[in-house]
Every structure is written in C-alpha cells, then in structure tokens.
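Asker: This is the structure, below, for whatever I ask next.
No lab work stands behind these numbers, since they all come straight from the coordinates. From a predicted model like this one, the values you see are computed outputs, not experimental measurements. Cβ placement follows ideal geometry from the backbone for every residue including glycine, while neighbour counts extend to all protein chains displayed.
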Amino acid sequence: MTLRTPHEYTSRRDRRQAAPETTFREAEYIDRLSKNRTPVIVKLIDGEEIRGWIEYYDKDIIRITRDTQPNLFVYKNRVKYLYEDPANGRAREAKA
C-alpha cells in the first residue's frame, strides 16, 4: 500500500498561498515620500482629504507639512489611504 501526501488530491490552484495581508513595506514607502518631499494626498476614514508632504512619521503618526495652512499630525489609524498628488507631481516635473 502506498502512502499519499495530503496535497496529492488537491488542485494546483488550491495549493497556492494567498497574498499576504501585510507586506511590511509601508515604512519604506513613507520614508521615500518623506525624503523626496513628494506631495501627497491623505484620505482620512471620515472622507476628508489633506494635501501636503510628509515631514515626519513614526509607528503611530504622520506629520503633514503644508505651504499655506498649519502643519498637521495625523494618527495612522485615522488614515484610509494616501497617494502621491498627481497635480503637484506634474508641476514639479515642469520646474525641473
């Protein structure tokens, strides 16, 4: 009698692992945005959008520096997502 492995009867698709929920790359991305002073838009969980650049961050907060408005400390657990500001990115490239 031959012993069979547990995965012998499952399809190849079923054996693949799902993508991880967390890649631990957040700090690298935020660090790059901060060092380059890349303009970003931060979308909060209540729907508000904040525009500026990331001056400082740690495990709990992000400091958003803005040109014409006061700077803000935002708790990361209040951030829905953030992305590079496409409008300011084009203006920055035009200046260079």
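Asker: Name the pairs whose Cβ atoms lie under 7 Å apart, with the first residue in the range 20-35 and in contact (Cβ under 8 Å) with a residue 60 or more places away in the chain, the second hydrophobic (A, V, I, L, M, F, W, C) and surrounded by 10 or more Cβ atoms within 10 Å (Cβ to Cβ), and 6 or more positions between them or separate chains?
Answerer: none
Asker: Kindly establish whether A27 is over 21 Å from R78 (Cβ atoms) and not basic (K, R).
Answerer: Working: over 21 Å from R78 (Cβ atoms): no; not basic (K, R): yes.
Against the criterion (over 21 Å from R78 (Cβ atoms) and not basic (K, R)), A27 does not qualify.
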